[in-house]
Amino acid sequence: MEDTVLLDDQCNPLDAAEEFLQAQKWEFDRLSEDQLYLSIEGDRGTYKLFFMWDDQQNALQFCCEIDLCMPKSRLQEAHKMLADVNSQMWLGHFDLSTDEKSGCIAPCFRYTTLIRGMDFRSCVTLSRDLIKVTLQECERLHDAFHVLDKENSDISFIKTIDSADSMELALAQAVGHC
């Protein structure tokens with residue numbers, strides 16, 4: 001069924017994302033009319049954010065790759081961890097992104113949403129909220145994913161920790177008061 005209503009105020013969410021990113025004074029690259037990329041330093045690591053806009057479907061895909069390098073030998077553990085993580089996610093999901101040149105596998109948050117009838121201000125708010133929630137989740141889960149990082153593959157105690165143990169350690173609630 002084809003939608004016959006034309007939306008004159010339909011925003012390109014990448015234009016809106018640019019406004020938010022400029023307000024934060026973050027550097028970004030507008031790769032094309034439908035792609036935007038930036039890299040952000042968090043407290044625990046570097047995050048590579050990528051927006052893709054499909055005008056035909058009015059769909060925005062947002063990806064945030066955590067700058068880690070998991071070896072292929074840890075792939076089974078990484079998949080178990082992703083299943084645990086994704087079962088607790090409200091928005092989006094994590095999957096694995098592979099760099100063919102280096103052979104590194106990195107966790108990547110993905111979220112796709114339809115943008116229909118949203119005005120520019122609503123798109124700016126969506127961009128802000130999407131980036132904020134994503135970075136919070138990536139920061140929260142960074143240590144759990146870092147356990148499987150290639151840098152840790154030579155540490156003997158890491159070899160004995162499975163994904164359930166690392167999830168429990170990374171997501172443990174602190175007790176006491178500061």
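Bear in mind that the values in this text are calculations on the coordinates, not laboratory data. These figures come from a predicted structure and were not determined experimentally. We place every Cβ from the backbone using ideal geometry, glycine too, and count neighbours over all the protein chains shown.
The figures follow:
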read-out	value
Cβ-based charge dipole, segment 13-170, positive-most Cα from C104, G92, L60	G92
Measure of compaction for segment 13-170 (Cα Rg per 2.2 N^0.38 Å)	1.10
Kirkwood-type radius of segment 77-136, with distances r between different C-alpha atoms, in Å	13.5
FRET efficiency for E19 and A59, using Cβ-Cβ distance with R0 set to 30 Å, rounded to 0.05	0.90
Label-to-label distance, nm, for residues given as T112 and A83 (7 Å Cα→Cβ offset)	2.3
Environment charge of L126, counting only residues whose C-beta is closer than 14 Å and scoring Lys/Arg +1, Asp/Glu -1	-1
Packing rank of 20-29, 46-55, 60-69, where each peptide gets the mean count of other beta carbons within 10 Å, highest leading	60-69, 46-55, 20-29
Amide H partners (placed H, <5 Å) of C104, local residues excluded	D99
Amide H contacts under 5 Å for S39, placed H, 5+ residues apart	L49
Amide H contacts of C11 (H built 1.01 Å from N, under 5 Å, at least 5 apart or other chain)	M118
